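Novice: After the structure tokens below, expect a handful of questions from me.
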Amino acid sequence: MAGPASEAPTASPRRSSAPGKVGNIVFRGISTGAGFVILLVLALVALFLLYRSWDTITADDQRIADLTFTRGETFWPYVLPLIFGTVLFSVIALVIAVPLSVSIALFISHYAPRRMAQVLGYLIDLLAAIPSVLYGMWGFLWLEPAMRPFFVWISDATNWLNGFAPWRYTLGYITTPLFGEASTPARVALMAGVVLAIMILPIVTATIREVFLQTPRLHEEASLALGATRWEMIRQAVFPFGRSGIISASMLGLGRALGETMAVLMIVSPGFRINFNILQAGQHQAIAPNIANTFGEGSAQDDGLGGSVLIATGLVLFVITFGVNLAARWIIARRAEFSGAN
């Protein structure tokens, strides 16, 4: 006689849908939509700049030269010194900020005690939130007088190089000596580069710190187990793992330095020459500060052609920034490919 245990179990009703299926579809749709929104905004910005610059692209050179703020130059002779100043300020900032950021991030992630590392991490994050205009005020009112003797010392130490005739030439608006006498007050390219370096230092440091903290623990322990010192372990495990992160952080800082307006506008005594002497005032200007300084008065000139010229310089800055970021992504992808192949 069959007992209850011999009865066939009843099949449970099949679920109409897998758990979380609707949520996955919604999340995928939101993520995809956000990606398309970013691309759409980028395309709209590019189209807006191109549309508003069209009058400049199709204008007669003499009309552009007749505008008061172009100083009698056509478009490219007007914008080339601005491109030079933009790149010069940003390169100086990167040269100063990236080694400091790597050192600070390495100290926080691998050398500092836990409590000190937490406090330093919070301070770095807070520095990233300070508005650029405050950096400009601080740089102009305090840092510039403090660094003026150092700039004079650099000028005196390199003055002997001016005796070499091949380093000195003048070609139109391109003027060099490579080194020269320091201006007082030091409203010069080097001062702008120092302030920009301090501005981008927090964001670059925070990014590199997070990358260093993601280094696989097993890689570090394996290196130490083979007899490496802490510094050798960092060279063998941390730096190779974090190389792409360092490049990404540097490009992130470079993007902010290229587009910085207020700090540079408050510090640099503007000039429109291609001059490699970073200690001389009245020689350099960047694209973004020039737009901010000129747009109010120049935008209405010649039935709006002045505004079109300034927006066209903004289009040039957009192309430079976009190109820098594309180059950075290409370098990171190539390194990732190389690492995967090895």
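The values are calculated or read from the model by the stated rules, or taken from the named source; none is laboratory data. This structure is a prediction, so every number in the text was calculated from the model and none was measured. Note that each Cβ is placed from the backbone with ideal geometry, even for glycine, and that neighbours are counted across all protein chains shown. In case anyone asks, the SASA skips ligands and DNA or RNA and just uses the protein heavy atoms, side chains included. Shrake-Rupley method; radii C 1.70, N 1.55, O 1.52, S 1.80 Å.
Novice: Looking at the chain, which longest stretch skips every one of the trypsin sites (Lys or Arg not before Pro) that is in a DSSP loop with at most 13 other Cβ atoms within 10 Å, leaving the sites themselves out?
Specialist: My reading of the result: 72-342 is the longest stretch.
Novice: While we're on this one: Per the Cauchy relation, a quarter of the hull surface: what is the mean projected area of the convex hull of the alpha carbons in segment 207-342, in nm²?
Specialist: With every direction weighted equally, the projected area is 12.0 nm².
Novice: Specify which labelled value, from (i) 23, 46, 22, 6, 3, 1; (ii) 28, 63, 9; (iii) 24, 40, 27, 7, 2, 0, agrees with P(r) over Cα pairs in 20 Å bins from 0, in percent derived from the coordinates of the model shown.
Specialist: Answer by label: (i).
Novice: List the residues whose amide H sits under 5 Å from the amide H of VAL188, counting only those 5 or more places along or on another chain, with H placed 1.01 Å from N in the peptide plane.
Specialist: Placed amide hydrogens put SER269 under 5 Å from VAL188.
Novice: Compute the relative contact order of the chain as a whole-number percentage, counting only Cα pairs closer than 8 Å that sit 6 or more residues apart in sequence.
Specialist: Relative contact order of the chain: 26 percent.
Novice: Also, quick follow-up: If you rank ILE203, ILE311, ILE25 by how much accessible surface each has, with a 1.4 Å probe, what is the order from largest down?
Specialist: Final ranking, largest accessible area leading: ILE25, ILE203, ILE311.
Novice: Go from 0 up to the bin containing the longest alpha carbon distance in segment 31-104, width 5 Å each, and give me the % of pairs per bin.
Specialist: 3, 13, 11, 12, 13, 13, 15, 11, 6, 3, 0
Novice: A further question follows. Can you give me the span-like helices of the chain, meaning DSSP H runs with 27 Å or more of Cα extent along the axis and Kyte-Doolittle mean at or above 0.0?
Specialist: 21-58, 75-106, 189-213, 239-259, 305-341
Novice: Among the chymotrypsin sites (Phe, Trp or Tyr not before Pro) within segment 249-306, which fall in a DSSP loop and have no more than 15 other Cβ atoms within 10 Å of their own Cβ?
Specialist: Passing sites in segment 249-306 do not exist.
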